[in-house]
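Below: the structure, in structure tokens.
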Amino acid sequence: MTTVGIIGAGHIGSALAKGFAKHGYDVVISNSRGPETLSDLVGSIGERARAATAQDAAEAGDVVVVTVPLKAYAEVPVAPLAGKIVLDTNNYYFERDGRIAALDEKKTTTSQMLQEHLPESRVAKAFNHIMAADILTDGTPAGSADRRALATSSDFDEAAALVARVYDEFGYDTVNVGPLAESWRVERDQPAYVVRQNRDELEQNLARAQR
């Protein structure tokens with residue numbers, strides 16, 4: 001993985017763009033308003049980053065991060081993401097996204113929805129249960145006492161393994177929740193959502209989750 005495509009340039013997308021560039025990756029970032037609106041962000045990151053359309057970011061990335069409001073997930077390009085690992089940061093906020101019956105009725109998860117939209121991609125949950133402002137500040141070296149842990153979930157072992165590698169680079173331990181059908185355990189209003197926790201605490205919070 002040398003180039004990371006990022007679809008969505010909100011708080012999480014911007015933080016991840018800075019983090020990936022800091023760790024030596026080239027970054028191609030997009031938003032819904034056009035590359036010209038990202039000049040300040042790209043300028044603050046430096047030569048490893050460039051702005052593009054969502055289509056271009058999807059095509060350019062060896063790995064692609066989807067970090068758009070859930071209501072916009074169906075607009076994510078499909079064909080250029082075929083065969084690629086896609087990191088999904090999405091959460092369901094009905095106040096923003098409108099009511100989604102399948103989620104309200106606990107019939108699916110946000111990441112399963114993205115996986116269904118991207119049938120030839122390998123989706124993994126990542127960075128969805130940490131505040132954007134903490135992504136670049138809470139990480140610590142491997143082996144640090146009380147190191148913060150983050151969860152991932154995927155139907156593909158290689159996708160979950162890649163997230164674990166990225167988490168470690170950003171300074172976090174990893175707990176693998178299992179398949180995407182279990183990713184509700186780190187969604188909104190669950191015990192593991194946006195709280196600082198080490199590996200043991202995260203495992204306990206995942207076990208405490210109730211659907």
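Just so it is clear, none of the values below were taken in a lab; they were calculated from the coordinates. Just so it is clear, the structure is predicted and the values come from calculations on it, not from any experiment. With ideal geometry, Cβ positions are generated from the backbone for all residues, glycine too; neighbour counts draw on all protein chains shown.
Express the relative contact order of the stretch 67-117 as a whole percentage, based on alpha carbon pairs under 8 Å and six or more residues apart in sequence. If you can, show how the numbers build up before the last one.
Working: 31 pairs, mean separation 23.6, N = 51.
This gives 46 percent for the stretch 67-117.
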Built amide H within the under 5 Å cut-off of N91, gap 5+ | L70
Taking the chain, the lysine pairs whose C-alpha atoms sit under 27 Å apart (8 or more places apart or on different chains) add up to 13
If unit charges are put on Cβ atoms (+1 for Lys and Arg, -1 for Asp and Glu) and the dipole of the stretch 47-110 is taken about its Cα centre, the option from A101, V68, A79 lying farthest towards the positive end turns out to be A101
What size of dipole, in debye to the nearest 20, comes out for the stretch 100-174 about its Cα centre when the only charges are +1 on Lys and Arg C-beta atoms and -1 on Asp and Glu C-beta atoms?
-> 80
Treating every alpha carbon of the stretch 1-110 as one equal point scatterer without solvent, the Debye formula yields log10 I(q)/I(0) values at q = 0.09, 0.13, 0.18, 0.24 Å⁻¹ of -0.23, -0.47, -0.83, -1.28
Could you please state, rounded to a whole Å, how far the C-alpha centre of the stretch 171-207 is from the C-alpha centre of the stretch 42-60?
-> 30
Using the Karplus equation 6.51 cos²θ - 1.76 cosθ + 1.60 (θ = phi - 60°), what ³J(HN,Hα) coupling, rounded to whole Hz, does each residue of the stretch 105-122 give in order, writing x for Gly and Pro?
-> 8, 6, 8, 7, 10, 4, 6, 5, 4, 5, 4, 5, 5, 10, x, 9, 9, 10
Given N residues in the stretch 48-95, what is Rg(Cα) / (2.2 N^0.38 Å)?
-> 1.19
In nm², what is the average projected area of the convex hull enclosing the Cα atoms of the stretch 142-211?
-> 4.4
